[in-house]
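The values are calculated or read from the model by the stated rules, or taken from the named source; none is laboratory data. Given the structure is predicted, the values throughout are model-derived calculations rather than measurements. Every residue, glycine as well, gets a Cβ built from its backbone with ideal geometry; the counts of neighbours run over all protein chains shown. Just the protein is used for accessible areas: all its heavy atoms, side chains included, with ligands, DNA and RNA removed. Shrake-Rupley method; radii C 1.70, N 1.55, O 1.52, S 1.80 Å.
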Amino acid sequence: MDLVAIILLAYGLYYRRHHRRDLLFAYIALNVGIFAVVSLLLVQRVDIAVGFGLFGVLSIIRLRSSEITQQEIAYYFVAIVLGLVNGIAAAWPLTALLLNGVLLAVMYIADHPGLLGRTRHQLVTLDVVHADPEALRVDLESRLRARVLQCEITQVDYVRDVTVVDVRYVTPNARAGVR
């Protein structure tokens, strides 16, 4: 049941929407590893807090990478939870099946491109420094061809005439978020 759940999460949802092969492998390996250790801890009657502590430490170390988005961290978390649920609830297969279904349904809906697919986030480097925030917004909207929701200047270099801006915007095309 755990293998079916993680394959649905990793291949059926994550990879089809985000196309990162490296994280696909990480989700599956993490889930299967957690499932195996939790199953072993339950059979051996070792304190389960030891297992949770170990996985917490390992997860935090890997998740501190700047290459991983908050969205991908959510997939990590669900991969961990699926492994724990299926390992702990092995004696109650219907409970495990129900929880797997709920977790997968929530991820399907929460990460559906139709829900918030038009909203984007990007770090933009401009070849100009704007003194007026409204002029900056107009310039960004012109360059991105989108409505800017929020922009925050993260760096200004007056010597090279460069501005780095963290921008959140909405694309005008309703189909832009569908992959």
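Listing for the model above:
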item: Tally, over region 102-112, of residues that are open to solvent by less than 90 Å² (accessible area, probe 1.4 Å) and either among the basic types (Lys, Arg) or touching a helix residue (DSSP H, G or I) at 6+ places or on another chain (Cβ under 7 Å) (or both); result: 4
item: Residue in region 148-171 that is at pLDDT below 90, of a type outside the set (Lys, Arg) and part of a helix (DSSP H, G or I) present; result: no
item: Unique residue being surrounded by fewer than 12 Cβ atoms within 10 Å (Cβ to Cβ), among the hydrophobic types (A, V, I, L, M, F, W, C), closer than 30 Å to residue 154 by Cβ and at pLDDT below 85 when the list is 23, 115, 123; result: 115
item: Residues that are among the aromatic types (Phe, Trp, Tyr) and in a helix (DSSP H, G or I), drawn from region 88-109; result: 108
item: Some residue of region 134-146 being in a strand (DSSP E or B), open to solvent by 40 Å² or more (accessible area, probe 1.4 Å) and among the basic types (Lys, Arg); result: no
item: Residue in region 69-95 that is modelled with the highest pLDDT, counting only those that are among the β-branched types (Val, Ile, Thr) and within 8 Å of the chain's Cα centre (by Cα); result: 73
item: Residue within region 77-86 that is in contact (Cβ under 8 Å) with a residue 60 or more places away in the chain, part of a helix (DSSP H, G or I), surrounded by 11 or more Cβ atoms within 10 Å (Cβ to Cβ) and aromatic (Phe, Trp, Tyr) present; result: no
item: Residues of region 94-147 satisfying the condition of being among the hydroxyl-bearing types (Ser, Thr, Tyr) and touching a Phe, Trp or Tyr at 6+ places or on another chain (Cβ under 9 Å); result: 119
